[in-house]
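This report refers to the structure that appears directly beneath it.
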Amino acid sequence: MMIEETFKQLRQERQLSLRQVSAGIVSASTLSRFEQGKTHLSAVTFIRLLDRMQADWSAFMPSAEDGGRNLLQVLLYQADQGNEKAVEKFPSTIEKTGEAANHAEYRILCDLLLKNKFNLETHTLKQSVTSAMAKVLDSTDWSTFIAALAKQLVHVTTLQSLPTLLHAAAGQLQRQTPQLPVFFSLSVFILYQEGVLRLLRADQVTVARTALDAIHSVLPLTAEEDFTYSIVKEICANAEGKNTVSFKQTALTLNFLILCRADRHLHALVPQIAPLMKRQHFSTDLFDVGQLYTNYGSTS
């Protein structure tokens, strides 16, 4: 069952109208179009709607009978839930279920996930990074699986290779490739911003600015992308030191995410920007900065 169909079923089971669920979050017409599969919702909006219905992510976990096309969703879900053992055993698990053809590719992705999510280095990690980079660079149009590889490579590949990876991602963005139809966040735009942040954390400010300028004409497609982009632009400008340091956009965006209880997005974003915020002496009267670091700053 597709995500929009599952969402509609949950709403109807709770005998909630479109207006009741969407009030104050998104228009009823937009929610109706989402349920019909005619539009996408940002991760932040989707989380708020789930909270409104008192539903959780597990309702959208693919069922076993859905077959191999959901393998990627299953793996990313396990990684997102912190299930290290499930990720570690995933290649052998799918091999036993008749998906042997996918075994090698998923071994590569699992190696990257284990390093990025759990700081566990397998004996095949180096080879997997090389293979993943080759697959990403050789792909003209990124599939959801290639985007998943690129998402992990942004954090796992060497700093020397990162600009090459971002160049390939920029090519996808500039060609205006349609939004990848996957439930989990595999936005090429966001993984690009994460790459820029990694360069900034490594004090490669000039390289980061060059990468950011390379997609200046690309517009964010979702609120989640726009939130991330606004913060990255401001942090990069601060790092360059050409103008007076400003935290206005970062503070407003983070405050909005906190008020919306967008914990999932904050847990993904804050660990990446916290080192830079501390380096730039970030401060604001909108929220408790120390509490933000405590609640969301851990990479664990």
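When you scan the range 1-57 for helices (runs of 4 or more DSSP H) that lie fully inside it, which ones turn up with 2 or more residues that are of a type in the set (Val, Ile, Thr)?
Details: elements: 3-13, 18-22, 28-35, 43-53.
Fully inside the range 1-57 and qualifying: 3-13, 43-53.
I'd like the full set of residues that are assigned to a helix (DSSP H, G or I) and without any contact (Cβ under 8 Å) to a residue 24 or more places away in the chain, limited to the range 136-155. I'd like the intermediate steps shown before the answer.
In the first step, residues of the range 136-155 are kept if they are assigned to a helix (DSSP H, G or I); the result is 136-138, 144-155.
Within the range 136-155, Asp138, Ile146 meet the criteria.
Only one residue in Asp141, Asp226, Asp213, Asp203 is at positive phi and not small (Gly, Ala, Ser), so which one is that? Steps first, please.
On the way: Asp141 fails: at positive phi; Asp226 fails: at positive phi; Asp213 fails: at positive phi.
The conditions single out Asp203.
Within the range 261-300, the set of residues being within 30 Å of Ala23 (Cβ to Cβ), within 18 Å of the chain's Cα centre (by Cα) and either open to solvent by less than 50 Å² (accessible area, probe 1.4 Å) or of a type in the set (Phe, Trp, Tyr) (or both) comprises Ala262, His265, Leu266, Leu269, Val270, Tyr296.
Yes or no: Val129 within 18 Å of Leu197 (Cα to Cα), within 22 Å of the chain's Cα centre (by Cα), crowded, with 19+ Cβ neighbours inside 10 Å and not small (Gly, Ala, Ser)? Show your work before the answer.
Values: within 18 Å of Leu197 (Cα to Cα): no; within 22 Å of the chain's Cα centre (by Cα): yes; crowded, with 19+ Cβ neighbours inside 10 Å: yes; not small (Gly, Ala, Ser): yes.
No.
Pick from Thr164, Thr158: which is in a loop (DSSP other than H, G, I, E, B), at pLDDT 90 or above and either acidic (Asp, Glu) or farther than 18 Å from Thr228 by Cα (or both)? Let's see the steps before the verdict.
Numbers: Thr164 fails: in a loop (DSSP other than H, G, I, E, B).
It is Thr158.
Pull up the range 226-254, narrow it to residues that are part of a helix (DSSP H, G or I) and among the charged types (D, E, K, R), then point me to the one that is least open to solvent (accessible area, probe 1.4 Å). Here the residue is Glu234.
Looking at the range 74-81, is at least one residue touching a Gly at 6+ places or on another chain (Cβ under 9 Å), hydroxyl-bearing (Ser, Thr, Tyr) and modelled with pLDDT under 85?
Going through the range 74-81, the residues touching a Gly at 6+ places or on another chain (Cβ under 9 Å) turn out to be none.
No; the residues of the range 74-81 include none that is touching a Gly at 6+ places or on another chain (Cβ under 9 Å), hydroxyl-bearing (Ser, Thr, Tyr) and modelled with pLDDT under 85.
No other residue among Lys85, Lys89, Lys115 is closer than 21 Å to Leu162 by Cβ and either open to solvent by 30 Å² or more (accessible area, probe 1.4 Å) or modelled with pLDDT under 90 (or both) apart from Lys115.
The values are calculated or read from the model by the stated rules, or taken from the named source; none is laboratory data. Quantities reported herein were computed from a predicted structural model and do not represent experimental measurements. Here Cβ is always computed from backbone atoms with ideal geometry, including for glycine, and neighbour counts include all displayed protein chains. These accessible areas exclude ligands, DNA and RNA; they are computed on the full protein's heavy atoms, side chains included. Shrake-Rupley method; radii C 1.70, N 1.55, O 1.52, S 1.80 Å.
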